[in-house]
Amino acid sequence: MRVLATIVFAVFAIASHAGCNNAPGVADCEKLLDHVLDLETQAAGAATTDKTELAKQKKAVTNTIGKEFMDACLEKLPMRQVKCGLSAKTMDELAVCDKSES
């Protein structure tokens with residue numbers, strides 16, 4: 001559940017400071033969601049290294065918040081923030097994307 005809350009917070013924190021210029025596409029937002037899930041798994045110190053189990057957990061989270069995340073990403077995030085998010089290597093780096101200017 002911590003993963004879900006963190007992901008929702010991250011996307012809405014970024015989206016709340018964003019404009020609609022240079023909107024990302026569906027593929028961009030899907031990549032961002034997948035990347036955010038990977039970062040959160042890394043930050044949480046995943047209890048398992050079983051790739052099948054990790055994939056199942058990611059799918060469950062995506063099924064829970066995927067539409068909400070995608071709507072916020074497509075409607076509120078400029079492409080520069082999606083790119084920032086995709087280049088983030090940690091959740092801390094992701095958190096500063098709402099302040100990114102380029």
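The values are calculated or read from the model by the stated rules, or taken from the named source; none is laboratory data. The shown structure was predicted, so the numbers you read here are calculated from the model rather than taken from an experiment. We place every Cβ from the backbone using ideal geometry, glycine too, and count neighbours over all the protein chains shown.
Observations
- Summed over the stretch 67-79, residues that are surrounded by 17 or more Cβ atoms within 10 Å (Cβ to Cβ), of a type outside the set (A, V, I, L, M) and assigned to a helix (DSSP H, G or I) total 3.
- Condition met for residue 62 (surrounded by fewer than 16 Cβ atoms within 10 Å (Cβ to Cβ), at pLDDT below 95 and not aromatic (Phe, Trp, Tyr)): no
- The criterion of being at pLDDT 85 or above, assigned to a helix (DSSP H, G or I), surrounded by 15 or more Cβ atoms within 10 Å (Cβ to Cβ) and at negative phi does not hold for residue 93.
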